[in-house]
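A.B. asks: Supplied in structure tokens, the structure appears directly below.
The values are calculated or read from the model by the stated rules, or taken from the named source; none is laboratory data. Note that the structure is predicted; figures quoted are calculated from it, not measured. Cβ: placed from backbone, ideal geometry, glycine included. Neighbour counts: every protein chain shown. Note: accessible area is taken over every heavy atom of the protein model, side chains too, but ligands, DNA and RNA are not part of it. Shrake-Rupley method; radii C 1.70, N 1.55, O 1.52, S 1.80 Å.
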Amino acid sequence: MNLILWGIVLLGIYVQQSVSEMVECFSSFTLSTGKCGDLLGQVEKNSCCLNPSYAYKEADGVCRFCGRAAWSEWTPWGECSVSCTEGVSQRRRSCHGIGDCTDPENLGTVQTKPCVKQQCCPVKGGWSEWGKWQICSVTCGDGIRKRQRTCSEPIPQCGGSCSGEEEDTTPCATEKICPTHGGWSSWGSWGPCPVTCLYEGHSLQKELRKRTCTNPTPSTVPRGNDCEGSDTDNRPCSGQPFCPVNGNWGAWTNSTSCSVTCGVGQQTQRRICDSPKPAHGGKQCRGEEQQTIICTILVNCPLNGMWTEWGEWSHCKPPSTRNIKCRNREGKRRRERDCVDSQHNGDLCDGEIVKYGNCYEIDECEMDGVLSEWSEWSYCKPDCGTDSKQIREIKCVADISSYSSQDRTIFTGTPRVNCKDLKEQIERRPCKNVPECYLKNHNKFLVC
């Protein structure tokens, strides 16, 4: 959005307040997640966006940023589309704010690349024969016997396993009765205190609880052991409390100043639970100790400046009167950028407005050609569907081996390159297991 349009959006707040819709206004916005934070309350949308760092939600519940359009960071690369052999992984980014995000490199919102979590897929193994049964696990009463087998016929491959259990059990009986030893039941409830209140200086009375040796009861034949310890427990009675006094709120204090000097903020009021204070186990005051109310300062908040993209490099100029064209002699060039959109006493941009660099002038120079190395494989395009592919290329480029620098980015102009007998190449390969293309808001798939 250009400077004039941005000014119209901000200044339009004053002339449209009577018709601006009510929205939920938030004082923070997280660009990486697109989520609103710190709800201020319901105000008119134009009032909320007096501060370009704020955000709001309309009836659809979507968080929208008041500031200029900006890209989120790329998400981490997602999981591979398949667990074994080759698939693809994707990452995404979103555009938030007013206007459209610039995309000079045409990166889009999705990037896709091949991935391999595991070179091969698991192959199941087979069980050996069962081993011999072990002896019974007890010397009296009923127990179990075990036998085992191994996953080795054949051995599983590439992380595979055998289906089923490696251990088998069966009941066994010794035909000999085991003794049952006694165990305590849970403690019963505490009995009542013998008094309803305590007098100062008197000894504390005791309250009792009991348990029984019935969990389980000791056997008679063969004889089991009795429970160890006492069947009775006691503790001192606690002092009788005074009657409880429930708390009650005092009056609200005067409101604090508005928390902001521009746009939408908050004011705070407090009260104290002291009319009277709760005492002797009485209830605390019900409700909140603090409340906030919305306040609006009808002043635009500062908007800091932002750099434009760097402009094109200037013509490569010689540092002296010596000719540098088509020669191994460095020249100088420059490019500029502008600091725009600083409004309402916002800060200017940090950094330099002009950048200088070295260069070689090769425009219209007769130069031999050489073949480049293979380029890196491109991202998978399109990002969905069965026709997604990667490409890489070998191109005929100017031979700069006679120059002091091999950095092609500092060579300016378009030379006449002799590519005779040099064969440029392009190579394509399909991307595997790419997600199908889904048409949003419709229950059907769409080819990209």
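A.B. asks: Tell me what the chain gives for mean residue ellipticity at 222 nm when only DSSP H runs of n ≥ 4 count, each as -39,500 (n - 2.57), the sum divided by the residue total, rounded to 500 deg cm²/dmol.
C.D. replies: Rounded to the nearest 500, the figure is -1000 deg cm²/dmol.
A.B. asks: Using protein chains only and a probe of 1.4 angstrom, how many square angstrom of TRP249 are accessible, to the nearest 10?
C.D. replies: It works out to around 50 Å².
A.B. asks: Taking the alpha-carbon distance from LYS332 and a cut-off under 18 Å, which aspartates and glutamates remain once sequence neighbours fewer than 8 residues away in the same chain are dropped?
C.D. replies: The qualifying aspartates and glutamates are GLU312, GLU352, GLU361, ASP363, ASP407.
A.B. asks: When the accessible area of the range 309-361 is computed with all protein chains present and a 1.4 Å probe, what percentage of it is carbon and sulfur?
C.D. replies: 44 percent
A.B. asks: Which whole-number value in Å² is the accessible area per residue of the range 309-361, probe 1.4 Å?
C.D. replies: 72 Å²
A.B. asks: For the range 347-360, what does the Karplus curve 6.51 cos²θ - 1.76 cosθ + 1.60, with θ = phi - 60°, yield as ³J(HN,Hα) per residue in whole Hz, taken in order and with x for Gly and Pro?
C.D. replies: Listing the rounded values in order: 6, 6, 6, 7, x, 8, 8, 10, 10, 10, x, 7, 7, 10 Hz.
A.B. asks: Tally up the carbon and sulfur contribution to the accessible surface of the range 251-297 as a whole percent, 1.4 Å probe, everything protein left in place.
C.D. replies: 46 percent
A.B. asks: Could I ask something else about it? Once both labels are modelled 7 Å past Cα along the beta-carbon direction, what's the LYS277-THR174 spacing in nm?
C.D. replies: 6.8 nm
A.B. asks: Under 19 Å from the 7 Å Cα→Cβ point of ARG416, by amide nitrogen: which residues of the range 288-325?
C.D. replies: Of the residues in the range 288-325, 324-325 have backbone N under 19 Å from the label point off ARG416.
A.B. asks: Leaving out ligands, DNA and RNA but keeping every protein chain, what accessible area does ASP233 have, in Å² rounded to the nearest 10, with a 1.4 Å probe?
C.D. replies: Result for ASP233: roughly 50 Å² accessible.
A.B. asks: Additional query: Just to make sure I understand: if all protein chains stay in place, what is the order of TYR56, TYR360 by accessible area at 1.4 Å, largest first?
C.D. replies: Details: TYR56 25, TYR360 5 Å².
My answer, sorted largest first, is TYR56, TYR360.
A.B. asks: Treating cross-link reach as a plain straight distance, find the lysines whose alpha-carbon is under 26 Å from the alpha-carbon of LYS113, omitting any fewer than eight places away in the same chain.
C.D. replies: Answer for LYS113, where 26 Å is the Cα cut-off: LYS381, LYS389, LYS395, LYS432, LYS440, LYS444, listed by chain and number.
A.B. asks: Please work out how much accessible surface GLU393 shows to a 1.4 Å probe, ignoring ligands, DNA and RNA, in Å² rounded to 10.
C.D. replies: Using a 1.4 Å probe on the heavy atoms, I get roughly 60 Å².
A.B. asks: Only Cα pairs under 8 Å and at least 6 apart count here; give the relative contact order of the range 309-361 as a rounded whole percent. Before the final figure, lay out each step's value.
C.D. replies: Working: 76 pairs, mean separation 22.9, N = 53.
About 43 percent, as a whole number.
A.B. asks: Follow-up question, since we're still on this one. If one takes the longest principal axis of the Cα atoms in the chain, at what angle in degrees, from 0 to 90 and to the nearest 10, does the Cα axis of helix 3-16 lie?
C.D. replies: 50 degrees
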